[in-house]
Amino acid sequence: MIYRPFWILRALIYKPFFKKIKFPSYIGKPIFLLGSNKISLGTRTRIYPMSRMEVHGKNSEIIIENNVGIGQNFHIISGGKLEIGSGTTIAPNVFISNMDNDYREIGKPILEQREIVNETKIGKNCFIGYGAVIQSGTVLGEQCIVGAGSIVKGKFPPFSVIVGNPAKIIKRYDEIKKSWLRINDFE
């Protein structure tokens, strides 16, 4: 773990360029940042190498709360307010966005069409598996589990296991039985 002191030092160097960084947090190298003055990191935020964080637009921001672990090759894009709740773990190669491009103007390139921003929020204590895509307009409740490679869009209640393409809930936590049940076992 000899690299961690260097990553903490890097976070200290980046601090003036971010909206907020609370310590101890660390940032791996290399990292691509666009609009870093609109990114807030809570305490014990760990961002591994090869990550890309982009904030587009005047009133946009990314808020990453306390004790969040983010794996390699993470990519996040925000055109509004995008939040990641405390205690969340994000595996490598995950993409999260709250922006889409319109596509309805025939003959006009997609990237030249208007941007559509929808609320995207990751709840507290979530786990997002390897290679998952969290699309614009997705809201994950507290302690949701997203399976590896899942393509997620929509609103999901707390304590859900979400998998697939398109992602669907396959399990939920039952407070009465104190166990995780397959969705067809709920009554």
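With θ taken as phi - 60° and the Karplus curve 6.51 cos²θ - 1.76 cosθ + 1.60 applied, the whole-hertz 3J(HN,Hα) list for segment 66-71 is 5, 6, 9, x, 10, x Hz, x standing for glycine and proline. So for segment 35-131, considering every pair of alpha-carbon atoms, how many percent are separated by more than 23 Å? Within segment 35-131, distances greater than 23 Å cover 26 percent of Cα pairs. FRET efficiency for the pair TYR173 and LEU111, taken as 1/(1 + (r/R0)^6) with r the Cβ-Cβ distance and R0 = 41 Å, rounds to 0.50.
Relative contact order of the chain, taken over Cα pairs closer than 8 Å and 6 or more residues apart, is 11 percent. Around the amide H of ILE116, modelled in the peptide plane, lie the amide H atoms of ASP100, ASN101, ASP102, all under 5 Å away and 5 or more residues distant in sequence or on another chain. Normalised by residue count, segment 1-49 yields a Cα convex hull volume of 61 Å³ per residue.
Computed over the chain, the per-residue total of -39500 (n - 2.57) for DSSP H runs of n ≥ 4 gives a 222 nm mean residue ellipticity of -2000 deg cm²/dmol, rounded to 500.
Coupling constants for segment 20-25 follow from the phi torsions by the Karplus curve (6.51 cos²θ - 1.76 cosθ + 1.60, θ = phi - 60°), and in residue order they are 7, 9, 9, 10, x, 9 Hz; glycine and proline get x.
In loop segments of segment 111-187 as defined by DSSP, the trypsin sites (Lys or Arg not before Pro) with at most 12 further C-beta atoms inside 10 Å of their C-beta are ARG114, LYS177, LYS178. Just how many % of Cα pairs in segment 48-103 lie over 12 Å apart, if you round to the nearest whole percent? Summing the P(r) tail past 12 Å for segment 48-103 gives 65 percent. Counting only Cβ charges, +1 for Lys and Arg and -1 for Asp and Glu, the dipole size of the chain around its Cα centre is about 600 debye.
Projected onto their three principal axes, the Cα atoms of segment 50-187 cover extents of 54, 34, 24 Å, largest first.
Measuring against 20 Å, Cα to Cα, the residue pairs LYS29/LYS153; LYS38/LYS81; LYS38/LYS58; LYS38/LYS121; LYS38/LYS155 contain LYS29/LYS153; LYS38/LYS155 as the ones spanning a longer distance. With the charge dipole of segment 1-135 set up from +1 on Lys and Arg Cβ and -1 on Asp and Glu Cβ about the Cα centre, the Cα lying farthest toward the positive end among the listed residues PRO5, ILE90, SER78 is that of PRO5.
Here, each number is a calculation from the coordinates, and none is a lab measurement. Just so it is clear, the structure is predicted and the values come from calculations on it, not from any experiment. No Cβ is skipped: glycine too gets one built from the backbone with ideal geometry, and neighbour counts run over all protein chains shown.
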